[in-house]
Structures are given as C-alpha cells and as structure tokens.
Amino acid sequence: MCAKRKTGQKKLVDYSKSFYSDLELPSMYHGLLIRSPLPCGSVKSITHPCLPDGYTIITARDIPGEKYVTILKTKIPIFAHKEVTYLGEPIGMIVGPDINLLNKLQKEIIIRFKKTGNEKKIEELSNLLETEATDSQVNLEDKEKPDLKKESTEIETNLAEENKSQEDFFLDSNEILAQRTIFSEDDPEMVYAESDTQIEGNYSAGMNIPVCSETVGGIAHYSHGMMTLYSNVYWFSQLRKSVSDVIGIDATQIEFIKTLSVGGRTNNIWYSVIVLVQLALAAFICGKPVKLVFSREEQKNFIDKNMPVVINHRTAISPQGKIQTMIISIAVDGGKYNPFIQEIVDRVVVTARGIYNSPTYKISAYVVSSATSPYQVNFQWLDSQVAFALENQIQRICKKIGFLPEEFRRINCFPSPISPFRLDLSNYDKLIENALNFSGFSRRYASYQLAAEKRQKTGDLSFSVPIRGIGIATSYEGCGFLCSDYYASSLNIKVTMEIDGSVVIHSYPPSASVQQIWVNLVSKMLEVSPENVRVDSNFDVVNEPKYPAGFFGNIGLMTHLLKKCCTGIQRQRFRHPLPISVSRGITSQQKKQWNEENFCGIPFYDMATGAAIVEVELDTCTYKINIRNMWLVVDGGEIMSAPRVFATLKNSVRQMLSSMVKGEILDASNIEIKLLHSSSDSKQIGGLVHNLIPAAFVSAVSQAFGKDFESLPLDPTTIYQPVIDLKNQSEPEGKLEGKS
C-alpha cells in the first residue's frame with residue numbers, strides 16, 4: 001500500500017521485497033526487550049552497574065507522550081511501570097550497536113521492585129525462579145531477597161511451565177472480561193433433568209500448528225523529522241496513530257516500509273503494533289536506526305500462543321434420537337490486554353450453536369483475564385476448537401444411543417432454520433449424501449463398530465486385525481461476521497476503469513493467490529486483458545483503511561464486493577465517459593439481517609459447508625496411528641481456481657495433522673477431495689478444514705480403541721492405555737509384566 005499526502009510528495013507507505021530481519025541500515029543499533037522476572041509487582045528501577053558508552057536503557061519514564069497504546073477500547077502499556085501483570089512483561093529495552101555485547105549486558109541488568117501487598121507470593125515466586133548462572137538480580141525495596149540469577153532463556157522456560165496445563169488457567173483468573181449467554185424460552189435445565197438419555201462431555205483442543213514465518217520485530221529510524229518503520233505489520237492506521245500519540249509527532253511524519261511476510265497475519269496483528277511503538281521510541285531517543293528481532297523462544301512464549309478453551313456439553317436425547325436440549329458452557333482464557341474480547345465471546349457462542357436443531361438450549365460463554373502474557377487473536381482457531389467439541393459430542397451421542405452418525409445428523413439437522421441464528425443449510429443433505437457415497441462410510445463404519453464391540457467384549461486384540469476406525473464431521477465456515485462492531489460499517493472496496501481501458505482495484509494487497517483470482521475475475525467480467533488489471537494500494541492518511549485486510553476472515557466478502565463493483569462499472573461504461581469509479585460495501589439492508597440487541601438473525605455474510613471423513617489404522621506392533629484414507633466434500637459455491645482450492649485444502653490438512661498427536665507428525669498420503677458444483681457466489685473455505693479434521697480424526701481413533709477421547713493433541717501414553725486395559729481384561733494378573 002502506498003499512501004501519499006499530496007502529489008509529488010514522499011509516499012508514506014511503500015513495499016520492500018526483503019524480510020525486515022535481512023535488512024541492515026548504516027550506523028544501526030540493536031534492541032532487546034527487558035522482561036519482568038516476576039508476574040506481579042511495581043518496578044522501582046532498572047539499572048546496570050557499568051553500562052558502556054553508546055548503550056542505553058529505555059523505560060516508561062523516557063516516553064515523551066502517551067504511556068499506553070489504545071487498541072479499540074483496550075489500553076496496553078508500552079512498558080509496564082505502575083504494575084507488572086504477567087511473567088515476562090516488557091518493562092524496558094536495552095539498545096546498543098553490538099548485538100553480542102547487548103546480550104551480555106541484558107543478563108547483567110538489575111531490576112528492583114517496590115513493596116506490594118503480595119510479598120509472600122513474590123518471595124515464593126522468587127525462590128521458584130532462583131538460579132545460579134549469572135550476575136543479575138531482582139531486589140524488593142528495603143528488604144533483601146534471594147538473587148534471581150536468571151537468563152532470558154530461563155524466563156522462557158518458566159513461561160512454558162506456567163502454561164503447561166490449559167485447564168488450570170481458571171485458578172489465576174480474577175476478572176471476567178466479556179460474557180454472552182443465549183437461551184430458549186423453555187427451561188433447558190428442566191428438560192435435561194427429566195430426559196431419559198443424558199450425555200455429558202468436557203472438551204479441549206490445545207493443538208499448536210507449527211509456525212515457520214518470520215518472528216515479530218522490525219526496524220525504526222528517525223531522521224530529519226520523519227519516522228520510518230520497516231516491518232511486516234499490516235495494521236497501518238492503528239500503528240500510525242499509536243506512534244504519533246507516543247512520540248508526539250504528526251501522523252504525516254510517519255512512513256512505513258512494508259516488508260515481506262509469510263503465513264497467516266492474525267498471530268501478531270495487534271501485538272506487532274506495540275513492538276513497533278517500542279522501537280519507534282528507541283529510535284527517537286537514540287537518534288539511530290534501531291532493529292529488534294524476537295527470538296524463536298520469545299515468539300513461541302509471547303506470540304504464537306493459542307487461547308486455552310474448555311467446553312462442557314450436556315445433551316438430552318429422546319428415544320427417537322432427536323436432540324431435546326443442548327446446554328453448553330465455554331470458558332476462554334483471554335490472558336492480559338486482549339482488544340477483541342467481545343468479538344471472541346460472541347463468535348464462540350454462534351459457532352457452538354452449530355447446525356443442529358434443538359427445541360431448548362442454553363449456551364454460556366465467557367472470557368476471563370489471567371496472569372499470562374497476551375494470546376494471539378485467531379478466530380479461525382477459536383472456531384476450530386468449538387466445532388471440535390460439538391462434533392465430538394455428536395459422535396459420543398451416536399455411540400451411546402446406537403444411531404449411525406449420518407442417520408442422527410439427518411434427523412437433527414432438518415428442518416432449518418436453527419434458532420436463534422439463521423444459517424444457509426440448503427445443500428446440507430446433498431453434502432452428506434456425497435460424502436457417504438464418496439467414501440463408503442456407512443459400510444466401513446458398521447464393520448469397524450462390530451469389530452470394536454467384539455474386542456471390548458472378549459479383550460482379544462487379535463480379532464479383526466488390522467484394527468481400524470472411521471469418523472465423520474460436518475461443519476461450516478462463516479465469512480463476514482456481521483455481529484462484529486469493528487469492520488461491518490467501514491469495509492469496502494473501490495474499482496476504477498481508467499481512460500485507457502485499464503482497471504485499478506483500490507485495496508490493501510491480498511495474498512498472491514487471491515490477487516490472481518481478483519485479476520482473473522475482473523478481466524472476465526469487464527472483458528479486459530489480465531495485464532491491464534492491477535491492485536493499487538495508494539491511500540492518503542485520512543482514507544487509510546481502518547482495519548487490516550484479511551484479519552476478520554473477510555477475503556471472501558471482499559471478493560463479493562469486487563464483483564459488485566465490476567457489475568456497477570458494466571452498467572455505466574457505455575453511458576458515461578471514462579474514468580468510472582465504483583465503490584461497494586456492506587449495505588444497510590445486509591446489516592439489518594443481524595439483530596444486535598437480541599443477538600439473533602443471520603450472523604455471517606456468507607458461509608461454506610463441508611464434510612470430512614477420516615479412516616485410521618493402528619499398527620499392531622507399536623499401536624501408532626496411521627491415516628489410511630481421508631475424504632473431503634466441500635460446498636464452496638462457484639470455484640474460480642480448482643487447482644488452488646485443492647492445494648489449499650491439502651496443505652491445511654497436513655498442517656492440522658502435524659499437531660494431532662504429541663511428538664508425532666501424521667501423514668495422509670491418500671486425500672480425496674470433492675467440490676460440489678454450484679452457481680452461487682464463491683465462498684471462503686480456507687478455515688473449513690480446521691473445523692472438520694480434528695473431530696473426524698478423534699472419532700475414528702475413538703472407534704478403533706473403543707474409548708472416548710475428549711482433548712487434542714492426543715498423548716501417545718494415553719492412547720496406549722486402552723490397549724493395556726483390554727489386555728488386562730483377558731489375561732491373568734502379572735502376565736503383562738516385563739512387556740514394554
């Protein structure tokens with residue numbers, strides 16, 4: 001994107017073909033964050049016994065303007081000063097020309113804390129963090145404490161320990177940040193209590209998909225009244241305002257060099273703003289270019305962390321197999337300083353309602369604050385965890401009442417709509433039918449279920465070797481979350497047909513694959529050569545987009561708006577002189593489809609549906625899980641580029657399989673994909689796999705082992721335990737002794 005103030009003046013945003021970490025500027029300094037070794041307290045001083053010339057420690061006291069960055073309605077300190085709220089929170093930065101010496105000096109920094117009302121807790125944590133490796137120490141005012149000789153890597157180790165159990169986060173929670181509850185008129189608790197069949201499950205999915213992208217960081221340079229920032233950050237409008245408020249310079253004195261980025265953009269979308277503000281402050285104070293690059297451990301502990309989610313399902317089923325009531329409770333650990341808490345809680349409620357009919361229901365969700373570092377905001381990941389819990393509960397129900405999974409789904413998914421949310425499930429029956437025929441699911445499921453029941457009764461593992469299981473999951477991916485306050489009113493795209501017949505798309509630059517789809521779409525609709533279609537990201541400061549492209553999963557929605565722009569140009573091009581510009585956004589009528597006050601209506605601008613079937617086989621020697629077959633059926637509307645769709649889906653599948661079992665990377669060599677033919681608009685399907693594969697995989701493994709698994713990733717020792725239990729049923733005590 002290239003923003004400009006006036007014709008002929010310097011661009012305020014430009015693009016680089018390099019990664020920021022590869023860039024070197026003349027006389028460049030380096031920066032390292034100073035992190036709190038305690039999870040609570042108030043910093044009195046940060047000093048070094050003998051800091052060399054050219055090296056500087058920067059803290060909140062050095063900030064000339066605002067000491068906080070306000071993102072949406074959340075105030076986040078640039079450097080913690082009044083109060084430290086989590087272990088590893090940035091409390092300063094050390095800056096200097098030699099990165100190697102800087103690493104040594106960082107370890108020698110002395111941090112003193114003021115007295116607080118939590119001396120006992122601090123002392124206990126001090127003892128916990130005590131080490132013997134360095135000369136640094138942490139003191140409490142007027143009272144000696146044991147030296148905390150700690151290196152940054154040791155801080156990170158303790159952070160990993162702090163997050164070892166995602167179900168323990170309630171213990172340190174002290175505030176509900178946001179909550180949402182929806183319920184039917186009839187009392188679901190009474191229906192549940194009086195029902196004949198009650199099924200309960202507690203679910204969590206703590207998977208972490210490996211991230212190979214560049215770590216958070218950037219370069220800041222203040223010279224001749226201009227602040228230049230080199231980074232892969234996408235939220236230009238927020239960063240521009242934040243730097244202006246903190247440094248005290250005009251927004252037009254801030255220019256961005258957008259460097260290359262790889263992978264998703266949501267994992268650091270708002271936290272990068274904080275880091276770039278810290279860098280800008282360092283460059284402003286030092287008068288030199290300053291570069292900061294997060295280590296892989298910092299990235300893992302402070303950026304690439306998914307929010308822990310714990311979900312409880314209680315479902316009542318009638319003798320005919322119909323859902324009578326669904327009672328769902330969802331708790332999300334929001335960590336500290338989460339700007340998107342309301343959207344998070346609203347989104348999980350909508351996703352938890354799912355596609356299943358239920359006369360009565362109650363869904364409660366809340367996000368709690370805890371003494372942990374901020375989590376990444378990844379709505380796709382949240383949807384995945386909630387969908388996993390729902391589909392896993394459906395599989396448990398089918399097993400308990402003896403219904404085939406496809407039979408139960410047909411009974412409980414029709415007729416639509418699903419109160420209080422209206423979802424387009426017009427092709428759901430067709431989707432299920434295709435998935436069953438495509439995979440031969442019914443025959444395989446019945447066969448494997450009989451074998452599993454036989455193994456459970458006899459304890460004979462040699463029966464029906466090889467041991468196999470198969471599972472199915474159905475779900476949807478919503479595009480354009482109309483419940484959100486953040487972008488529905490400002491999201492738009494503009495297209496211009498110039499005098500020479502060329503076409504310009506005014507937008508943030510999408511990914512290379514999406515850009516090619518846009519170019520081909522415009523070329524076809526307006527009958528121009530693809531070479532004459534380009535994306536132009538020139539915005540002045542005033543018209544800079546309020547939110548970053550792609551953050552809210554709106555690429556599919558932007559494609560819809562692009563088509564509307566082209567249709568508008570078609571209507572005018574032969575009646576009005578060129579150039580012609582047409583801008584389109586979400587209409588007021590579309591916004592009215594969602595009732596914010598009553599939290600009901602159509603929650604998404606558009607949605608894609610899909611079904612996944614996973615077949616697994618157990619190695620009878622090692623009892624490791626092998627993916628035997630996988631089938632995907634997707635209703636994504638009109639498919640503009642089938643090869644890209646197949647590649648995207650297969651890549652997403654392999655990403656998910658890399659985190660299903662601890663310490664193992666599963667492979668699926670046989671992935672079959674079927675796209676339903678449709679004349680409807682193209683739908684966004686990038687996150688559909690995340691909502692399907694985990695539940696289908698766990699259902700297959702549960703059938704093979706004859707045991708319900710409620711959490712991901714699966715632990716190999718937990719997987720093997722059912723085998724030991726089964727053996728113990730059929731063999732005398734002690735017979736298994738000595739076996740590994």
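The values are calculated or read from the model by the stated rules, or taken from the named source; none is laboratory data. Please read these numbers as outputs of a predicted model, since none were measured by experiment. When we count neighbours, we look across all protein chains shown, and the Cβ atoms used for this are built from the backbone with ideal geometry, even at glycine. All accessible areas refer to the heavy atoms of the entire protein, side chains included, with ligands and DNA or RNA removed. Shrake-Rupley method; radii C 1.70, N 1.55, O 1.52, S 1.80 Å.
What FRET efficiency, computed as 1/(1 + (r/R0)^6) with R0 = 22 Å and r the Cβ-Cβ distance, is obtained for residue 543 and residue 250, rounded to the nearest 0.05? Don't jump to the answer; show the numbers that get you there.
Numbers: r = 17 Å, r/R0 = 0.76.
Computed FRET efficiency for residue 543 and residue 250: 0.85.
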Query raised in the report: In the stretch 487-587, which GluC sites (Glu not before Pro) are in a loop and have at most 14 other Cβ atoms within 10 Å, using DSSP for the loop call?
Result: 498, 527
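Report the gain in length on full extension from residue 101 to residue 665: 0.36 nm times residue separation, minus Cα-Cα distance, nm rounded to one decimal.
199.2 nm
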Report task. Take the solvent-accessible surface of the protein heavy atoms, probe 1.4 Å, and return the percent of it on the stretch 15-85 that carbon and sulfur atoms account for. Result -> 51
Query - Nonlocal amide H pairs with residue 539, under 5 Å, H built at 1.01 Å - result: 2, 3, 4
Query raised in the report: Can you give the accessible area of residue 640 in Å² (nearest 10), computed on protein heavy atoms with a 1.4 Å probe?
Result: 70
Query raised in the report: How do the peptides 538-547, 584-593 rank, highest first, by the average count of neighbouring beta carbon atoms within 10 Å per residue?
Result: 538-547, 584-593
Query - Links that overshoot a 30 Å alpha carbon limit, given the list 591/683; 44/288; 300/683; 362/564 - result: 300/683; 362/564
Requested in this report: Note down the net charge around residue 565, summing +1 for each Lys or Arg and -1 for each Asp or Glu among other residues with Cβ under 10 Å from its Cβ.
Outcome: +4
Query raised in the report: Of the listed peptides 228-234, 74-80, 472-478, what is their order by residue-averaged count of other C-beta atoms within 10 Å, with the highest listed first?
Result: 472-478, 228-234, 74-80
Query raised in the report: What whole-number value in Å² describes the accessible area per residue of the stretch 195-347 for a 1.4 Å probe?
Result: 29
**Report entry** Peptides ranked, highest mean first, by Cβ atoms within 10 Å: ranges 513-522, 365-374
**Finding:** 365-374, 513-522
Requested in this report: Could you pull out every residue, at least 5 positions away or on a different chain, whose amide H is within less than 5 Å of the one on residue 661? Hs are placed 1.01 Å off N in the peptide plane, and Pro or chain starts have none.
Outcome: 666, 714
Query raised in the report: Applying 1/(1 + (r/R0)^6) with R0 = 51 Å to the Cβ-Cβ distance of residue 536 and residue 598, what FRET efficiency is obtained, to the nearest 0.05?
Result: 0.80
